[in-house]
1. Roughly how far apart, in whole Å, are the Cα centres of segment 391-406 and segment 666-698?
2. Mind putting a number on the dipole of segment 563-699 about its Cα centre? Charges go on the C-beta only, +1 for Lys and Arg and -1 for Asp and Glu, and I need it in Debye to the nearest 20.
3. So if I take the centroid of the Cα atoms in segment 307-351 and the same for segment 576-592, what is the distance between those two points in Å?
4. Within segment 115-263, how many Lys pairs sit with Cα atoms under 23 Å apart, leaving out pairs fewer than 8 places apart on the same chain?
5. Have a look at Thr627, Phe710, Ala638 and report the one farthest towards the positive end of the charge dipole of segment 581-728, computed about the Cα centre with Cβ charges (Lys/Arg +1, Asp/Glu -1).
6. Size of segment 494-545 along its principal axes in angstrom, Cα-based, largest extent first?
7. Filter the chain for me: DSSP H helices, axial length by Cα at least 18 angstrom, mean Kyte-Doolittle hydropathy not below 0.5. List them by residue number.
8. At what distance in angstrom do the alpha carbon centres of segment 201-271 and segment 473-536 lie from each other?
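The values are calculated or read from the model by the stated rules, or taken from the named source; none is laboratory data. The shown structure was predicted, so the numbers you read here are calculated from the model rather than taken from an experiment. In this analysis, Cβ positions are derived from the backbone assuming ideal geometry, glycine residues included, and neighbour counts consider all displayed protein chains. Just so you know, the surface numbers come from the protein's heavy atoms only, side chains and all, with ligands and any DNA or RNA stripped out. Shrake-Rupley method; radii C 1.70, N 1.55, O 1.52, S 1.80 Å.
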Amino acid sequence: SSASVHLYVLDTELEPPEWSKMNSTLPYPTWNLSACSVIAIPTWKIFTFGGVLGPLTDNDRLGKMSNTTAILDTGIGRWTQPRIEGKPPPARSDSCMAYDPKNSRLIVFGGWADDWLGDLYTLDVGNIVGPPYAITDMYPKMGPVTGGTDITIFGIDFVNTPNVVVRFGNHRCSVDVPGVYVSQTKLTCASPNSAKLASILAATGDVDVRISLNGDSFTTTSQKFAFFPVTNGSNCIMFGPGLLSGCAVKEEVSFFIQARDDASVNRTTGGDEFAVSIILLGGGADGDNLRVSGVLVDDLSNGKYIVTYVAKYPGRYEIKVDFMGTFGGKAGALRGSGVVVEFSERAPRENNQMSGDLVINALRADIVQLQEFTENLGKTLLVRVKDDSWSSDEQIQVLMRTKEALLLIETKNVETSLMVDRSDCVLKYLMEESIVIGGLEEALQASKFLWEKLLREAPQIQSKIAPMMRMHSAKIRNDILSYEAHVNAYKAELAKAPYYLYATGTERSMELLEAADRVYKDETAVCTKMNHIATVFDCAKDMENSLKLMALIKELLTDFKVLWEANQKVVRAVEDAKKLQWVGLETEALEESAKQLGQNIKKLPKSIRSTDAYIGMDRAVKEFTVTCPIIAALQSPAMRDRHWEELMETVGQNFPVPESNSRMQLKTLLDLNLHKYLNEIDDITEKANKEAKHEDTLKNLENTWKTVNFTMSFYKDTDVPLLKLTDDAVEQLESDQMAVQSIVGSRYGFFKKAAVSWQTTL
C-alpha cells in the first residue's frame, strides 16, 4: 500500500453536493496529519501540521514523524511552506489543531510520537490569514515626511468600531496611527512622521499600510505609501529673466522656483506655497514704494514653480520670495531673495523670454566668473604650502595667501554655491528646450567639480597649515604690539595740533584738519593691512586696542570738524549782525539768533568740550548772547546825547551818536565789547528811562497848569476876594505835588532843579 497525496473538494452549493479532485497536491505523501481550515481575505486557507511521511515499504511500515507546517491557498490551489520563527513542536502525528480567530493563531495539542503527548503550542498566522476584512486601495498614496497627510483607505467588510489602527511599515519597523471608521468600505487617518521609518524608506522608498479593527490582527492585504522630503526655503533656487536687469516694461516676464529639501535635493512633487513680493522702488506719487499687482505663481507639480508678472513702469524693482513652510518644511526667504532689477522702456521684448539673449548672456557671464574664481583659488590652495628652501618671510607670504584663499571660500561660499546651482538650473532648462550652447556645460561642470573639491579639501588644508600658522603667530603678535605703540604715538601727536586752540581760527583749523584726514587715510590703509594679517594668523584679538585707538582718532577728527564748522557759523552770524543798520534794527530776531547759536553749541560732541577751541567758541557765543540784550536796551527812545556820552566815557572810546548817524551799522557798538560793561550800561539805560519819565511828567505839569481856571468870591460880607479851585483841580494838584516830590527825591538829578521850581509853584 502507499500514502495518498490527493486532495478532494466537496462543493456543497451544488444539488446534490459534488466531489471533485484538485490538481494541487502535497509535495510528499503524508498521513495522520492535523488540518484546519480558516476564513481569510480574499480566499480561505487550509493549514496542516505534522503527520507521518512515506513511502511505506515492507521494511518500513511506520514511516517518519514530521513537524512541518503547510498552507493551501484555496483561491489559487497552491501549497506553500511558510518560514517559521521560534522553536517548532517536536515531530508528531494525530495532533488536535484549532484556529483562534480573535488572536489569529493556530493551536496544536498533543498527538502521538511513540507515546501520547499532552503539550500545547500556538502559531501566529495573522500575517497570513489576516482578519475578515481587507484593504483594496487608498488615496493619496504619498505625503511629506513630516506627516499629517489626510488619507482615505478603501476596502471591504470594515467593522464599525472606534478602535481603528492603521500601521505604516512592516513587522520589523512600523508606526501606528489612529483611524476613523466612515463606512464598510472607507476609513480615514493622517500619515505619521516618517522619522521612525527611515530604515525602510532608505531601502524601498515606500512602506506598506495595513489596518486593524477592534483589536484584530492586521490585514494581510496592504497598499504602498511613499513619503517625500519637505522643502527647505533656504535651499530653494530662483532663476530666469524676471530676476535679471534689462527686461522690457509692459511685457510679461517670469522666473522659476526650484524647490529643494534639507539635503538640497530637487523636489519632484508640488503643493508648496510661496509668497512673492515685487515692489517698484520709489514708484509711488510721493516717492513711496509701489507694490506690483497681478503676480501669479503656478505649481508645475514636479517641484518647480513659475512666477509671472508685468512691470508697467521703468525703474528699479525689488523681488522677494518666501517659502511659507508647507508640510512642516523650513519657512523663510529663498536663496537670492531680495534681488533688485531694473526694467527699461528701450529693452527688447526678447529679453523677457527664458531662452532670450539676456538669460544666455547672464549664464555665460556667471560661468566665466566661476571659472576664474575657482581656478584662481585652485592655483593658490592646490599647491605646496611648505618648502624648506623658503625664508621665514617667504613662508609667511605663502601662508597668508593660503589663509586668504580659505577665508575667501568661507565668505564667498553662499554666493558661489548659489551661482553654481543657479547656472546648473538654467543650463538644464535650456537643454530641455533643445537649446545647446557650445562649451558652457563642460565649463560649468569643470568649475562645479573644482569648487566642490575646494570645499572638501579646505578643512584639510586648514588643518595642514595650522601648526605653521601657530609657529609664525609669535612674530605677528610682536609686529602688532609695535604697530599699537605707533598708533599711540600718532594719537599723542594729534593732541598737540593747533586746531585744538581757539586762537588758530576756523580757516587755518579746517586746512589742518583736511591735512590730518589725508594722514589718517594713509594710517587707515596700514591699519587695515595689519588687521588683515592679524585675522589671517588668528591674532585678531591682539589688534583690538589699535582698532579702538584708530576709531577714537577718527571720532576726534570728525568732532573737530563739526566744532570748527559750528564756529564758522558763529563767526558768520556775528559778522552778519555787524552789518545790520541801527535804524530799523529788529532786536528780537537778533536775540533769537544768539539763542540758537547757544543751543547749537550745547549739541556739540562731549569729546571736544574740554578743549581750548570749544571753550573759546563757547565764550564768544556767550559774549554775543550777552551783548544782544544790551543792544536792545540801547535802542530805547529814552537815550539822549548825554547818555551816549556817558557810555563813551564808560567804554573809553568815542563813536557817533546813533541818532545823529542814521546809517550807522551795529559793528560800531559790537566792536566796543559791551559785554564787559554790562552793569554800567544797565545803569545808563535805566537812568535814561527814568529821566525820560521825569521829562514827561514835567511836560504834563506845564500843559496841565497853564490852563487851570480859578473862581473868585468874597470873604463873608466883606470886600476881601478869595480864589477857589474846583474839586478835580484840587485832586490833580495833590497828585502833581507827589510826582514833583518823587523827581526831587530821585537819585537821577538831571531834572531836579526844574522839579524844585515846580514844587515852589505848586
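1. Value for the Cα centre distance between the two parts: 80 Å.
2. 600 debye
3. 60 Å
4. Total qualifying Lys-Lys pairs in segment 115-263 comes to 5.
5. Thr627
6. 47, 17, 10
7. Taking the DSSP H segments of the chain (at least 18 Å long, mean hydropathy at least 0.5), we get 612-634.
8. 58 Å
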